[in-house]
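Taking it in order: structure first as structure tokens, then the write-up.
The values are calculated or read from the model by the stated rules, or taken from the named source; none is laboratory data. The structure presented is a predicted model; accordingly, all values stated were derived computationally and were not measured. No Cβ is skipped: glycine too gets one built from the backbone with ideal geometry, and neighbour counts run over all protein chains shown.
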Amino acid sequence: MTESLKVGVAGLGTVGAALIAQIVRERAMLAERCGRGIEVVAVCARARNKDRGVDLRKMKWFDDPIALAMAPGIDVFVELMGGAGNPAKAAVEAALASGKAVVTANKALLAKHGVRLAALAEKHKVALNFEAAVAGAIPIVRTVREEFAGNTIERIYGILNGTCNYILTRMEQEGLAFDECLKDAQRLGYAEADPSFDIEGHDTAQKLAILSSLAFGTKVDESAIYVEGISSIQPADIAAADELGYRVKLLGVAVRTAKGVEQRVHPTMVRKDSAIAQVMGVTNAVTIDPRGINPITLIGPGAGGMATAASVLSDVADVARGMRLPPFGRPVARLNGTSKAPMQRHEGGYYIRLLARDKPGTAAAIATRLAEQEISLESIVQRHPKGASEAETKSGAVPVILITYATTEDAVRKALAAVGRDRVISGRPQVIRIEKN
């Protein structure tokens, strides 16, 4: 049998420890499936004596991840340290430059430096694999890059952050306020002490940048994505969505348009009968919408040590088999540039919740301003929905919920600005986009 593949792992947190345990546990099966054994021979972490539940005594210890990346005794450098900057960036660059394959779960690194790293991998003719960087155990990177290599993808979208999906699920199922659900998510370890990266949509944006590149051949560019989080979502919105046949999800969406690729992250209303609406709790899901084929949805755990380690190991196994593809599905020279699409151009249906002042002429004023922007309404609900805040209840204003037919973001914003100037509503209107399923 061919000599075993020698692996060096930098980062021995939950994922790194799970990866080593799985390689040891599945040693025989891996050798059968890959045609050669896979062996972790070297590791690197901040603390040498920490108990990680795996036996590291036969593995060479490195205090410096860059030294590990350049070590002559390894074939594959697995980066599980995280972070967009050093030491992860420097270590991955060192590994690629020294002719070693790299496997990483680092979405932040790829979102910021993915094109440069892919070019370095091409130059040195080595693999750069990152299945675990997007949606944990869901094999979405491999599916888009390989299974749909011969298909034109029109749209790709999904639930890419388990923290946000957990919060929105609890808000719907238990009628809880956002802040209460967030505190519970932090208590259970689903959300960080500073949850802004998750709840404001930035984690989803990094993953979407990678998916968009794979699906549309664009350069990975997180700055080209419109980002909006879920902190403005109120129980009244969740309740209204339920009554109207929708659920609210934080989606990352990339879609091919006549003006280029539109990339956006924001709270979205999806039909309850859609596959993605059934995805609850911390689970992730991604829907691929190819030309001429019905949409395909992949669902699975988006995080966790075992789930992420499984994806990392699948990438290592590909290296053992001798597989090497362009990291983003095309040579770097063929990746197209992209720019941030103005949301004003976005076209679709909208949910609008207003607090209309209870006085003569209010309804007529709202209708007039919508008509001026050629906005047609699919439905109007003028009753107090469950979930309204105490302030809304005491204000004397009448909650009005509007569902529009397809229109533009620009038209909606202009109409609502005019309604505000007419002084017929209280507070700020809530606007949530509706995604066509």
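Structural remarks
- Residue within region 133-155 that is at pLDDT 95 or above and within 20 Å of Ala69 (Cα to Cα) present: yes
- Boolean, Lys100 is surrounded by fewer than 20 Cβ atoms within 10 Å (Cβ to Cβ), closer than 20 Å to Gly8 by Cα and of a type outside the set (Phe, Trp, Tyr): no
- Meets criteria (assigned by TED's automatic domain parsing to the domain that holds Ser314, of a type in the set (A, V, I, L, M), assigned to a strand (DSSP E or B) and more than 27 Å from the chain's Cα centre (by Cα)) for Ala42: yes
- Region 192-210, residues that are touching a strand residue (DSSP E or B) at 6+ places or on another chain (Cβ under 7 Å) and among the polar types (S, T, N, Q): Thr204
- Pairs linking a residue in region 129-152 that is within 22 Å of Ala119 (Cα to Cα) to a residue that is acidic (Asp, Glu) and surrounded by fewer than 24 Cβ atoms within 10 Å (Cβ to Cβ), with Cβ atoms under 9 Å and 6 or more positions apart or on different chains, are Asn129/Asp318; Glu131/Asp318; Arg142/Asp318.
- Members of region 211-239 found to be assigned to a helix (DSSP H, G or I) and touching a strand residue (DSSP E or B) at 6+ places or on another chain (Cβ under 7 Å), listed by number: Leu211, Ser212, Ala215, Phe216, Ala224, Ala236, Asp237, Ile238
- You will find that of Val15, Val78, Val54, the residue that is among the aliphatic types (A, V, I, L, M), in the same structural domain as Ala320 (by TED's automatic domain parsing) and surrounded by fewer than 22 Cβ atoms within 10 Å (Cβ to Cβ) is Val54 and no other.
- Subset of region 328-343 (residues that are free of Cβ contacts under 8 Å to residues at least 12 places away in the same chain and either aliphatic (A, V, I, L, M) or touching a helix residue (DSSP H, G or I) at 6+ places or on another chain (Cβ under 8 Å) (or both)): Ala333
- In region 57-86, the residues that are in a loop (DSSP other than H, G, I, E, B) and touching a residue at least 40 places away in the same chain (Cβ under 8 Å): Ala71, Gly73, Ile74, Asp75, Leu80, Met81, Gly82
- Residue within region 168-187 that is assigned by TED's automatic domain parsing to the domain that holds Lys249, under 20 Å from the mean Cα position of the chain (by Cα), under 23 Å from Ala111 (Cβ atoms) and among the hydroxyl-bearing types (Ser, Thr, Tyr) present: no
- Taking region 103-137 as the range and being among the hydrophobic types (A, V, I, L, M, F, W, C), surrounded by fewer than 24 Cβ atoms within 10 Å (Cβ to Cβ) and outside any helix (DSSP H, G or I) as the test, the residues that pass are Val126, Ala127, Ala137.
- Pairs are defined by a Cβ separation below 9 Å, a sequence spacing of at least 6 or placement on different chains, a first member in region 6-28 that is closer than 13 Å to Leu313 by Cβ, and a second member that is acidic (Asp, Glu); the pairs so defined are Val7/Glu39; Val7/Asp75; Val9/Glu79; Ile20/Asp55; Ile23/Glu39; Val24/Asp55; Arg27/Glu39.
- In the set (1) of a type outside the set (S, T, N, Q); (2) closer than 20 Å to Thr104 by Cβ; (3) modelled with pLDDT of 95 or more; (4) surrounded by fewer than 17 Cβ atoms within 10 Å (Cβ to Cβ), Arg46 fails one condition alone, (3).
- Of everything in region 62-75 that is surrounded by 22 or more Cβ atoms within 10 Å (Cβ to Cβ) and closer than 21 Å to Ser314 by Cα, the residue that is farthest from the chain's Cα centre (by Cα) is Ile74.
- Of all residues in region 299-356, exactly one satisfies the criterion of being assigned to a loop (DSSP other than H, G, I, E, B), of a type in the set (S, T, N, Q) and surrounded by fewer than 19 Cβ atoms within 10 Å (Cβ to Cβ), namely Ser339.
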